[in-house]
Amino acid sequence: MNERTWERLGAASGLVAAVLLLAGLLVAPGALALDARPGMMIAFIRPAVLTATLLITLGAVAFMWFVAHLRHVLQRAEKGAEAFSPVVLVSGVSLATMTALAMVPLTVLATLATRPAGLGEIEVARALYAVHQLSLGPIGLIAALFAVSAGTAMVRREIAGPWLGWLGVLVAVIGLIAGIGSFFAAAPGVIVLLAYVLGIAFALWIAAASIMMLVRPEVERTRAPREVFAH
């Protein structure tokens, strides 16, 4: 398998990750207050929660492959200078890992919901749901770091295109707002809304970058002859 084919597979993994993330967000239920009554808590934990967590977790796994692809492409474009490639790699893997771990509490809730729950288990469910909500803040901040580092590399024409890089910077701003806002928002609905906005914006940006890299693999762009005379 040649390098061009490997690059297409790497770019396709980003598109797969974006589709899975969007599907998970569409399936996921809305917000739930931490002081909700036991009946509302049990009703909230329905099979759709398990489906959403599975889709988002699979998306996180596919995103790791895409991050590894970006690391390879950036390292080649930077000619060993290691400017943005280390930050993209570390922040991307951290983002995927944190996202997958944030799905664990909801997965536990969805699994326990298949049998009758006592009052003590309802309190445990509230604690698990609180852990899930509080994880959205760090996820937003890590997403902002990944988007601004990858976006800046795009603006510098190391990968994709400058216009896509500026979109990445915009996604980074959304991630920063969502991340910081999640720490101070009192209403669970606000936290979930911030997470949805960030998730959709991030997924669309990754999908656009993946499609661009599929249409024209970076190995072709780096081998293209440069113009001798500027017009």
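The values are calculated or read from the model by the stated rules, or taken from the named source; none is laboratory data. Bear in mind that the values here come from a model prediction, so they are computed numbers and not experimental data. Reconstructed Cβ throughout: ideal geometry from the backbone, glycine too, with neighbour counts over all protein chains shown.
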message: Tell me the residue from L15, L32, L20 that is at pLDDT 80 or above, within 20 Å of L193 (Cα to Cα) and touching a helix residue (DSSP H, G or I) at 6+ places or on another chain (Cβ under 9 Å), please.
response: L20
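Among the residues of region 40-67, count how many are of a type in the set (F, W, Y) and at pLDDT below 80.
First, pick out the residues of region 40-67 that are of a type in the set (F, W, Y): 44, 63, 65-66.
Those still in the list that are at pLDDT below 80 too: 44.
The qualifying residues number 1.
Take the residues in region 129-180 that are farther than 23 Å from L193 by Cβ and aromatic (F, W, Y), then tell me which one is modelled with the highest pLDDT. Spell out the reasoning first.
First pass over region 129-180, keeping only residues farther than 23 Å from L193 by Cβ: 149-166.
After this cut, where a residue has to be aromatic (F, W, Y) as well, the list is 163, 166.
On the way: W163: 90, W166: 93.
Checking each candidate, the answer is W166.
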message: Any residue at all in region 68-81 that's of a type in the set (A, V, I, L, M), at pLDDT 90 or above and surrounded by fewer than 19 Cβ atoms within 10 Å (Cβ to Cβ)?
response: yes
field: Selection count, region 155-183, where residues are in a helix (DSSP H, G or I) and either among the basic types (K, R) or under 25 Å from V131 (Cα atoms) (or both)
entry: 13
